[in-house]
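The values are calculated or read from the model by the stated rules, or taken from the named source; none is laboratory data. Nothing here was measured: the structure is a model prediction, and the numbers come from that model. Reconstructed Cβ throughout: ideal geometry from the backbone, glycine too, with neighbour counts over all protein chains shown. Keep in mind that these areas ignore ligands, DNA and RNA; they rest on the heavy atoms of the full protein, side chains included. Shrake-Rupley method; radii C 1.70, N 1.55, O 1.52, S 1.80 Å.
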Amino acid sequence: MAAVTPLLLLLLLSSAPSFSSGSRNAYNINGRVKIPQGLGLGTKGYALPGRMSNVKVLLNGGQNITFLRPDGYFSFHNIPAGTHLIEVSAIGYFFSPVRVDVSARTPGKVQAALTENRKGLSELVLEPLREEQYYEIREPFSIMSLLKSPMGLMVGFMLAVAFLMPKLVENMDLEEMRRAQEEMRSQGVPSLSSLLPGGAMN
Amino acid sequence: MAIRSFFLFILFFSSSLSPVFSLYEDQVGLMDWHQQYIGKVKQAVFSSQRAGRKRVVVSTEENVIASLDLRHGEIFWRHLLGADDVIDGIDIGLGKYVITLSSGGSILRSWNLPDGQMVWESSLQGPKHSKSFLLVPTNLKFDKDNVLVVFSNGRLHAISCIDGEVLWKKDFEAESFEVQQVILPPGSDLIHVVGFAALSQFEMYQINAKNGELLKHESASFSSGFSGQVSLVSTETVVALDSTGSILLTISFQDGKISSQQTPISNLVEDSLGPAVIIPSSVSGIFAIKTDAVTIFIRVIGKGNLEVVEKTTHEIAVSDALSISEDQQAFALIQHASSEIHLTVKLAHDWDGNLLKESVKMDRQRGLVHKVFINNYIRTDRSYGFRVLIVMEDHSLLLLQQGEIVWSREDGLASIIDVTTSELPVERDGVSVAKVEHNLFEWLKGHMLKLKGTLMLASPEDMAAIQSMRLKSSEKSKMTRDHNGFRKLLIVLTRAGKLFALHTGDGRIVWSYLLRSLHKSEACQSPIGLNLYQWQVPHHHAMDENPSVLVVSRCGPSSDTSGVLSFVDTYTGKELSSLSLDHAVVQVIPLPYTDSTEQRLHLLIDADKHAHLYPKTSGALSIFKREFSNIYWYSVEDQNGIIKGHALKCKCTGEVADEFCFDTRDLWSVVFPSESEKTIATVTRKLNEVVHTQAKVVADQDVMYKYISRNLLFVATVAPKGSGEIGSVTPEESWLVAYLIDTVTGRILHRVTHHGSQGPVHAVFSENWVVYHYFNLRAHRYEMSVIEIYDQSRADNKDVWKLVLGKHNLTSPISLFSRPEVITKSQSYFFTHSLKAIAVTSTAKGITSKQLLLGTIGDQVLALDKRFLDPRRTVNPTQLEKEEGIIPLTESLPIIPQSYVTHALRVEGLRGIITVPAKLESTTLVFAHGVDLFFTQLAPSRTYDSLTEDFSYALLLITIVALVAAIFVTWRLSERKELQEKWSFYSAFASQSTFSSLHFSDN
């Protein structure tokens, strides 16, 4: 976000007045929405960069709704003095709502702040705080994911038993093993083969 | 200990904070569907571009402007304007800009026709409110600029078509002047503004279109006055009706001179017809008047001579004029005849000759034709062909061409009033074996393909096959009930008075029915649908009956007009019966009782506070009498700020004996002080909500009992000053008070004030908690609060003995006057977005954890785990609390993009979210409606009771095969090893014996 990114709109008019007074205590709020290109990394096709026609700007929770001009500028007309809230709705981007003070005493002065991080704005230029990724990224196939699946665990456990256990047994002391074998024989613990239906053959 | 930690690990694993609803991009459309609508078309303009795709630009009553494909009816682009931004007029300028005038003529916007990008926007002010007109002259230029002429708010503007700059403006400030028409005679630089002043004065202004200079002002007075609209019959003649509606005034203002002629309607038509109204049309030389039963077309010949050309009693709709050549205008006329509509296209100057006459079969469920728009095209043989766009009574939009319906759009679905659900029929016939085998093969093949997909071995074609296979799965769109309860019918009532049944599998319309009872009639002038209720849900002994829904409607906008009930079968979509009530319907209370045929008892409260029981059967009455003293309800009077509780008293004491009518009595009332509080929201629990357990085990093995009562009401009030928009009050003079009220006793169980806060309040009530969303003026952010209410009287019943012997066994008396021992816990958090709707997931048994569904201002639906709104959250939860799943407290609620239920889609104009439990406990069905419709399935705690969609059966099979193979291999190996061991043992023995024998022989 902080990185300087190539802006979609290079044209930057110098400090256009954000408020201009209209008639009878009604003011206009002018601002612009800037969506930097390539913000974040995984830009997928759904938030077409440069497609500003589906961006909406909403005042006071939908009391007024306006749209963006091709250069990203928007304006609300005939707004009474007071403290207002501007929200930007754009699929694929997260915008912080902006608190805007329209005052009768100081017309033409910008008093705006992002409500999410309380950052003041010198100009009413709204930029997304972050990109929104609505889908989980499907992870490319990897052995690990296969192994982590229940089936993988099953196979893994079996392999471990089949191959690691004999190794463990091998490492035992020869004497001890003999004793164990002796014990086993005396107790008649069936071996794996005798457990199986065909095991009774021998 | 190890086992315990393992268990905790599993618990953590399953309840980790990663978004529970998350979707891969290729899963879009598997369980969800999204439909885009526009609403009832008000105005349509055909794009006359020769090249490229044919389009029609429409404006609708839902404040949508959209560009539609004329070939298929699909939406190219669409914009939903604000709720107050009603569109007054649209047109196409320069062939490439769509011009819209909205907000009572105060906002003019221009949109790029191909892609819908807004080009410019101008705000037009004026001295006073007036009618607004938007005119796009084709030949009026001003320094090479094409000019738009707009009359709005008592001011005439000329505006550049390129950048929306106002070139000149002219005020019409005369106090009583009411503009009726703005006329641009073709080929001249003049603008004529005509209107009435002081009720009986006709005024005509002639204005220079180049600079707005007033050239001429003429007026003439008519003692009889005017009524209604005027119709323009030529660029210099208008027709108006006098105030009695019986005399036609033909006023012409040729060369700035006003001359007029009066013709009583009775001179034209023999039989007297009563007062008439003019139907505005733009066809030159012809206008129409309509009385109660008859529509009369009248031609104007020369200077004010009138002649009746047609008189018809059929319902009729006329289009605007379409110039097909220099001096020829055509228009379309549609007449109804039982199941057909007759379309005729005529030339303006030649009534009897028809350019085109076609009959089109029309579905009766579409009702009457409301609007017609005509467009022409040139056929291959260079003759003119015509196509018409018609808007029907059910708000659908159809394109007719060459006697056929080319396409139709069900735009009635853009304005849903109420939604309910119905089960599908049970599958009766068994599935044949052959089919299963075939399916098995297909099934295996599909799963092999899927496996290839997971192992990244699939080619692109395979991937496409997998995707289409998943999307087309016929299983989900079957017309029978399924085991998991995913397939249902969504029954929706639209503003047009039409019922639709949508299949939850794919969103298709199963049936639709235009309610006859919602037709305009003598008794019922402007019927409007109100609500839908489940009338009959057969499941026990009435299995053979079809389920049905009850549609409650009333005859007018005010609540004291009489009501109409209709009963509609949800399998067939046929109206079973309808009842015109002789009383009003103010409130409908579905009672939790059903009669022997599973019909649900409903209590209808009328304007005189009588309660009427439905169905009117003796069985229902006897059930009702049994429960007579257990029925309580409440009513909210928004204006006075009073909430009242009611109960039944006795049979009606009116003059007519009616067994099913009951008098009521007021039990209690809560009066909010009108100078400091104004009710803005009331919410109760859903009637059919299921709660699994009352007890809640908290971290330290302690038990808390939820206070679960069906009779809890959440009420939010704000300071009267703060009931307006955000920014209209200062934090000091605004507050919000939240109440929890018991609706049986009227006792206020909890009250909390949020200083410096204001509405709008969106709230949802479930189990023992309520969550509400409001605006905090001090922080200037939205806030969400949760209140949980617990029953303290049971807090001591912690062991079995106390439970049995304690005071809360059922024999102890419960009194209304004893104060319930409850405690409440609450907490507040910041939330970023404005909300449009809020709902909570509901599951079949209530075991699954809950998610809040928040309809944000951006028309998306966000799923937020209820655990984020838990009053027991602290900044540093203890280890035990962490184990329980308590999330460390944060200032604001997180917005995780993956938990948007609507993923990358918008439910444009979102109005409501409905959740319905599926039979499968883990899953809930979510339906969000606005101008668009969206449906999906949610599993708030993941699908723990069924395998997920992407479960690979093939991998399971392969694993099993591999395991079996491994078992055999190891068996062989072990057998061989054993044999070897034996051999070595024997050989050792043998060698020993030979050795010993040698030894012996040695001896």
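Spatial offset of the range B:682-725 relative to the range B:628-642 amounts to 19 Å, using the alpha carbon center of each. Per residue, the accessible area of the range B:176-282 comes to 43 Å² when a 1.4 Å probe rolls over the protein heavy atoms. For the range B:833-877 and the range B:607-621, what is the separation of their C-alpha centers, rounded to whole Å? Comparing the Cα centres of the range B:833-877 and the range B:607-621, I get a distance of 38 Å.
The equivalent ellipsoid that matches the C-alpha gyration tensor of the range B:324-400 spans semi-axes of 24, 13, 11 angstrom, in descending order.
When all protein chains stay in place and ligands, DNA and RNA are ignored, the 1.4 Å accessible-area order of B:Phe386, A:Phe157, largest first, is A:Phe157, B:Phe386. Among the GluC sites (Glu not before Pro) in the range B:302-408, those placed in a DSSP loop whose Cβ has at most 15 other Cβ atoms within 10 Å are B:Glu326.
Under a straight-distance cross-link criterion of Cα-Cα below 18 Å, which lysines are reachable from B:Lys210, leaving out those fewer than 8 residues away in the same chain? The qualifying lysines are B:Lys141, B:Lys144, B:Lys169, B:Lys170. Extension gain for B:Ser826 to B:Gln262 (0.36 nm times residue separation, less C-alpha to C-alpha distance): 195.6 nm. Entry note, the range B:336-385: relative contact order of 28 percent, from Cα contacts under 8 Å with a spacing of 6+ residues. Against the empirical 2.2 N^0.38 Å (N residues), the range B:834-960 has a Cα radius of gyration ratio of 1.22. With respect to chain B, whose longest principal axis is taken over its alpha-carbon atoms, helix B:2-14 is tilted by about 20°. Listed by chain and number, the lysines whose alpha-carbon sits under 17 Å from that of B:Lys649, ignoring those within fewer than 8 places in the same chain, are B:Lys609, B:Lys625. B:Ile301 contributes about 80 Å² of solvent-accessible surface, heavy atoms of the protein only, 1.4 Å probe.
For B:Phe567, the accessible surface of its heavy atoms amounts to roughly 20 Å² (probe 1.4 Å, protein chains only, rounded to the nearest 10). In chain B, helical runs assigned H by DSSP with n ≥ 4 each contribute -39500 (n - 2.57); averaged across all residues and rounded to the nearest 500, the mean residue ellipticity at 222 nm is -4000 deg cm²/dmol. Summed over both chains, the contact between A and B buries some 5700 Å² of accessible surface at a probe radius of 1.4 Å. For helix B:953-1002, report the angle its Cα long axis makes with the longest principal axis of the Cα atoms of chain B; keep it between 0 and 90° and round to the nearest 10°. It works out to around 20 degrees. Helix B:460-472 against the longest principal axis of chain B: what's the angle in degrees, Cα atoms only, rounded to the nearest 10? On a 0 to 90 degree scale, this one is about 80.
Per residue, the accessible area of the range A:143-186 comes to 87 Å² when a 1.4 Å probe rolls over the protein heavy atoms.
Pairs of Cα atoms nearer than 8 Å and 6+ residues apart set the relative contact order; for chain B it is 6 percent. In the structure shown, do any of B:Lys616/B:Lys651; B:Lys644/B:Lys678; B:Lys498/B:Lys574 have a Cα-Cα gap over 23 Å, and if so which? Beyond 23 Å between Cα atoms: no listed pair.
Mind checking which aspartates and glutamates have their C-alpha under 12 Å from B:Lys371, skipping anything on the same chain fewer than 8 residues away? Within the straight-line limit of under 12 Å, B:Lys371 reaches these aspartates and glutamates: B:Glu315, B:Asp320, B:Glu393, B:Asp394.
Rolled with a 1.4 Å probe across the full set of protein chains, the surface gives B:Arg481 an accessible area near 60 Å².
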